[in-house]
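J.: Handing you this structure, nothing more for now.
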Amino acid sequence: MITVKSVSKKFNGKPAVDHISFQAHDQEILVLLGTSGCGKTTTLKMINRLIESDSGAILIDGKNILDQKAEELRMGIGFVMQHSGLFPHYTIKQNIAVVPELLKWDKKKTESRTEELLHKLHLSDDVLSRFPNELSGGQQQRVGIARALIANTPVLLMDEPFGALDNITKADIHSEFKSLEELKNKTIILVTHDVQEAFELGHRICLMDKGKIIQTGTPKEMLYRPQNNFVSDFFTENRLLLEYKIATLKEMGAFLNSENTHRTFGFTEKTSVWNALQKLSSDHKNTGYYENLIKAFNEYRKLQIV
């Protein structure tokens, strides 16, 4: 668990982060969401002491991060940077092995763990001898994730990790990211300005503005229980799409009554309405199922908004 207590940071006398407090729970992905300059990246970097806070306290598993050397702290925290953050003069093999070398792993252990992560992240062995500029953006980002995961630390910090990717590549990596078994036992804080990304990946969201946290909650709470106009207005442009993404078939009771639908399409109760609609829309023979799901969703939506 990560606990941030009334933490502040000023640059040139101006507050970048202004007395914020939150908790990231065990096995949770907490998203810091907001526009550029809202303080989310500064907040993330204070957790691994790339930036030192001016006041307040940050605790990891109940221990103040100031009670150990910054270098030792960082070796227990995975960190994925913007634009992958790979060292351009290192091969991919050398990039992934940076932390194991600091931890003085033997060569076989490093190679075994590297091979394991390449497989999980859908990278071939031949990338190891190449340099970052020889890889696609998606491949570079996968390598950056591999480097952050290799030591299997309990905490993972991610700073706009998918921001430089095109939408198709981003969707593929999101899917891979969510399915990684490696991530299920970690406390993860992810910084993004992408609203859809926050809703797809986050268990909870901290919405920030001008160095302050405006509201913290689940995606559903942010949409259906906004604390003020700023929160509701922030999601207005993407609202209907976001609602499709967070609603599940379990919540569409009328549609779930058809066992044949489950057998035909392999849907589960956890399948989002968005994913189900995408699958149904590609099969013109099942217009009826598509229309029934839309009706069920609209009824559900009315109940949530009231």
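No lab work stands behind these numbers, since they all come straight from the coordinates. Just so we're clear, the structure is a prediction, and the values are computed from it rather than from any experiment. Ideal geometry is used to build each Cβ from the backbone, glycine not excepted, and the neighbour counts take in all protein chains shown.
J.: Taking amide H positions as placed in the peptide plane 1.01 Å from N, state which residues far from THR248 in sequence (5 or more) or on other chains have amide H under 5 Å from it.
T.: When sequence neighbours closer than 5 places are left aside, the close amide H contacts are VAL273.
J.: Now for a separate question. Out of all Cα-Cα pairs in the chain, roughly what percent, to the nearest whole number, are more than 27 Å apart?
T.: On the way: 23053 of 46665 pairs.
Above the 27 Å cut-off, the chain has 49 percent of its Cα pairs.
J.: List the aspartates and glutamates whose Cα lies under 12 Å from the Cα of LYS10, skipping any in the same chain that are fewer than 8 positions away.
T.: ASP18, GLU52, ASP54
J.: Which listed residue (ASN238, ALA97, ILE205) has the Cα farthest towards the positive end of the charge dipole for the chain, taking +1 on Lys and Arg C-beta and -1 on Asp and Glu C-beta about the Cα centre?
T.: The Cα lying farthest towards the positive end belongs to ILE205.
J.: Can I ask one more? What size of dipole, in debye to the nearest 20, comes out for the chain about its Cα centre when the only charges are +1 on Lys and Arg C-beta atoms and -1 on Asp and Glu C-beta atoms?
T.: Details: 39 positive and 38 negative charges, 87 e Å.
Its charge dipole is roughly 420 debye.
J.: A further question on this structure: Return the equivalent ellipsoid semi-axes of region 1-146 as a descending list in whole Å, where each equals the square root of 5 times an eigenvalue of the C-alpha gyration tensor. Numbers along the way, then the final one.
T.: Details: eigenvalues 204, 64, 39 Å².
They are 32, 18, 14 Å, listed largest first.
J.: Ok, one more. Tilt of helix 107-120 relative to the longest C-alpha principal axis of the chain, in degrees (0 to 90, nearest 10)?
T.: Taking Cα atoms only, the helix is inclined about 20 degrees.
J.: Helix-only mean residue ellipticity at 222 nm, the chain, DSSP H runs n ≥ 4 weighted -39,500 (n - 2.57), per residue, nearest 500. What is it?
T.: Working: 15 runs with 130 residues, N = 306.
After summing the helix terms and dividing by residue count, I get -12000 deg cm²/dmol.
J.: Over 31 Å between Cα atoms, which of LYS120/LYS210; LYS184/LYS220; LYS40/LYS178; LYS210/LYS295 qualify?
T.: On the way: LYS120/LYS210 38 Å; LYS184/LYS220 21 Å; LYS40/LYS178 22 Å; LYS210/LYS295 40 Å.
Pairs exceeding 31 Å: LYS120/LYS210; LYS210/LYS295.
J.: Then there is this: Show me the ranking of peptides 184-194, 140-150 by mean Cβ neighbours inside 10 Å, starting with the highest. Write out the running numbers ahead of the final one.
T.: Working: 184-194: 19.3, 140-150: 24.3.
The densest-packed peptide leads the list: 140-150, 184-194.
J.: Note the direction-averaged projected area, equal to a quarter of the hull surface, for the Cα convex hull of region 119-211, in nm². It would help to have the intermediate numbers written out before the result.
T.: Numbers: hull surface 27.5 nm².
Seen from a random direction, the Cα hull of region 119-211 projects 6.9 nm² on average.
J.: Moving on. DSSP loop GluC sites (Glu not before Pro) in region 50-106 with at most 16 other Cβ atoms within 10 Å of their Cβ, which ones? Mind dumping the intermediate values first?
T.: Values: sites: GLU52, GLU71, GLU72, GLU101; in loops: GLU52.
Sparse-neighbourhood loop GluC sites (Glu not before Pro): GLU52.
J.: Assuming R0 = 45 Å, what is the FRET efficiency of VAL98 and ILE305, from their Cβ-Cβ distance, to the nearest 0.05?
T.: Efficiency, rounded to the nearest 0.05: 0.40.
J.: Calculate how many DSSP beta bridges within the chain are antiparallel, expressed in % of all such bridges and rounded to the nearest 5.
T.: Numbers: 21 of 39 bridges.
Of those bridges, close to 55 percent are antiparallel.
J.: Taking a ≥ b ≥ c as the square roots of the Cα gyration tensor eigenvalues, with a/c under 1.5 meaning rounded and otherwise prolate when a/b beats b/c, else oblate, which class fits region 208-249? Don't jump to the answer; show the numbers that get you there.
T.: Working: a/c = 2.46, a/b = 1.82, b/c = 1.35.
Prolate is the answer for region 208-249, as a/c is 1.5 or above and a/b outweighs b/c.
J.: Between MET81 and PHE230, take the C-beta separation as r, use R0 = 25 Å, and let me know the FRET efficiency to the nearest 0.05. Don't jump to the answer; show the numbers that get you there.
T.: On the way: r = 29 Å, r/R0 = 1.16.
Given R0 = 25 Å and the Cβ-Cβ separation, E is 0.30.
J.: Cα gyration tensor of region 73-148, axes a ≥ b ≥ c as square roots of the eigenvalues: rounded (a/c below 1.5), prolate (a/b > b/c) or oblate? Don't jump to the answer; show the numbers that get you there.
T.: Working: a/c = 1.56, a/b = 1.21, b/c = 1.29.
Here region 73-148 falls in the oblate category.
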